[in-house]
Amino acid sequence: MNRTVAIFITAAILALVALVLAKNGETTAPLPPPPVPGTVASGGMTLSTSPSQSHVLVGAGEVFLDIALAAPAAKHVKRVPLNIGLVIDRSGSMAGRKLQNAREAATRLVSRLQEGDRIAIVTYGSDVTVLVPSTEITAESRTRILSAISTIVDRGGTFLSGGLERARDEVLRHDRRGMVNRVILISDGQANEGITSPGELSTLARKTLSMGVNVTTMGVGLDFNEEVMTAMAEHGGGHYYFIENASAMARFFTDELDTMTAVVAQTATLELELEPQVDLLEIYGYTYERLGNRVVIKLPDLFSGQKRKVMCKVRVPASREGKVAVGKMSLTFTDADSGKRHTLTSEAQVMITADEKLVEAGRDEEVLAKAEQVQAAQAMHSAMKAYAAGDVDRSRALLRKQIRRARTVNRRLKNKALGNAADEMEQQLEGTAAAPSSSAGRSLVKKGKYGAYKLFK
């Protein structure tokens, strides 16, 4: 037989076999890859929304949404003038090394400010003192401010709310477009004068943010209420720092200053508008306001090179196959350079299917890893709350369960951050051998909750 003819006959036979197998259901077409998440960009910011899977099994319905915000690092970021209100706790518990380090950190902050920036320094004990009214930085004023800082001495209780309000008012007296307005509040104790209710302190921080001033909190030592300080930072659109070793205070000041001087997006708000039949199950690590199927999250100022994730879990209608729209996510912010308002909008949808292979092929492992990280953070926080309340057994049970889950899932995902989270929980589990009321126990609680706070972001 002619060799060419033989090749054609063989090819024809193979094609026929393939056709027969296909008709018998013994082979399927290649599975489509998961869709690339839509990303939109404007004003130096990008927004993308990625579901944890492109296909959801009929009868299931739970989906994680990774809403990713990013301010790509720019070679040249226009430095925005700063308008800072620094609030220093000078109560009796700050005596000694703590207050000395607070003075040194404040000195370093003032030394790094540029001419044209403004700073007010407010101290509080049982009373409130405006040590330095809001002052523009010049060569002469810098010397005067540094001299004033050196006079701070400890006395009195903890009138935290009064210190925040006075600093806010000093900042607002010189508010103008194109500045970064920030109150930085330092405390080592629990508020015991003025407004002391955790809920009312959070309301005060939220009111301060609504007036155009972000609130950053710094907790020093082991005696402050980390739940209150974290909530105030969340409601105030700022950052929370746990400073166990007061000697490291200057480094945290430097971190905060670095973020302020590279701000690219201000007064940022993320809004989720979910479809009517989509249920919001959880938003991890953020305070939010809910109005029906609309969810509003106030965000801190965003700086160049920053990435921030907002992870939420929803349930979509999954009774029958077909495309399901999940919702629309909108990021609105002010460009710190131009002052213009921008809105970025991203949408999410999934396919409901009975084909388990499509479900498996459509999993987004990066999003799934992030979802596991925030669930680990949630477990850390709950475990530390239980431990602080004296329920050590419950704390250990929560940690063991989440460690097992993280290790099991990560055998498939092989995600470094998730592995680190599991390691951190292992260390917390070991730390619960100490009594909750001991110095080691109180340190464990604050470190654990601070680790969870950072992991959420």
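Yes or no, residue by residue, for (1) surrounded by 16 or more Cβ atoms within 10 Å (Cβ to Cβ); (2) polar (S, T, N, Q); (3) touching a strand residue (DSSP E or B) at 6+ places or on another chain (Cβ under 9 Å):
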site: Asp301; (1), (2), (3): yes, no, yes
site: Val310; (1), (2), (3): yes, no, yes
site: Ala318; (1), (2), (3): yes, no, yes
site: Gly327; (1), (2), (3): yes, no, yes
site: Thr343; (1), (2), (3): no, yes, yes
site: Glu347; (1), (2), (3): no, no, yes
site: Ala361; (1), (2), (3): yes, no, yes
site: Arg394; (1), (2), (3): no, no, no
site: Ile403; (1), (2), (3): yes, no, no
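On the given criteria, is Gly390 surrounded by 15 or more Cβ atoms within 10 Å (Cβ to Cβ) and out of contact with any Lys or Arg (no Cβ under 7 Å at 6 or more places or on another chain)?
No: the conditions fail for Gly390.
Listed here are the residues, each with its yes/no results for (1) in contact with a Lys or Arg (Cβ under 7 Å, 6 or more places away or on another chain); (2) on the phi > 0 side of the Ramachandran plot; (3) in a strand (DSSP E or B); (4) at pLDDT 95 or above.
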{"site": "Ala233", "(1), (2), (3), (4)": "no, no, no, yes"}
{"site": "Ser247", "(1), (2), (3), (4)": "no, no, no, no"}
{"site": "Ala250", "(1), (2), (3), (4)": "yes, no, no, no"}
{"site": "Phe253", "(1), (2), (3), (4)": "yes, no, no, no"}
{"site": "Gln266", "(1), (2), (3), (4)": "no, no, yes, no"}
{"site": "Thr269", "(1), (2), (3), (4)": "yes, no, yes, yes"}
{"site": "Glu273", "(1), (2), (3), (4)": "yes, no, yes, yes"}
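Looking only at residues in the stretch 210-231 that are in contact with a Gly (Cβ under 8 Å, 6 or more places away or on another chain) and of a type in the set (A, V, I, L, M, F, W, C), which one is nearest to Asp258 (Cα to Cα)?
Val215
Any chance the stretch 64-86 includes a residue that's over 26 Å from Gln306 (Cα atoms) and in contact (Cβ under 8 Å) with a residue 12 or more places away in the chain?
Within the stretch 64-86, not a single residue is over 26 Å from Gln306 (Cα atoms) and in contact (Cβ under 8 Å) with a residue 12 or more places away in the chain.
So which residues in the stretch 137-159 are surrounded by 13 or more Cβ atoms within 10 Å (Cβ to Cβ) and part of a helix (DSSP H, G or I), if there are any at all?
Listed by number, the residues that qualify are Ser141, Arg142, Ile145, Leu146, Ala148, Ile149.
Determine, yes or no, whether Thr203 is buried (at least 20 other Cβ atoms within 10 Å of the Cβ) and either out of contact with any Lys or Arg (no Cβ under 6 Å at 6 or more places or on another chain) or at pLDDT 95 or above (or both).
No: the conditions fail for Thr203.
Against the condition under 27 Å from Arg177 (Cα atoms), among the hydrophobic types (A, V, I, L, M, F, W, C) and surrounded by 23 or more Cβ atoms within 10 Å (Cβ to Cβ), how does Ala102 come out, does it pass?
no
The values are calculated or read from the model by the stated rules, or taken from the named source; none is laboratory data. In this text the structure is predicted, and so the values were computed from the model without any measurement. Neighbour counts are summed over all protein chains in view; Cβ atoms, including those assigned to glycine, are modelled from backbone coordinates with ideal geometry.
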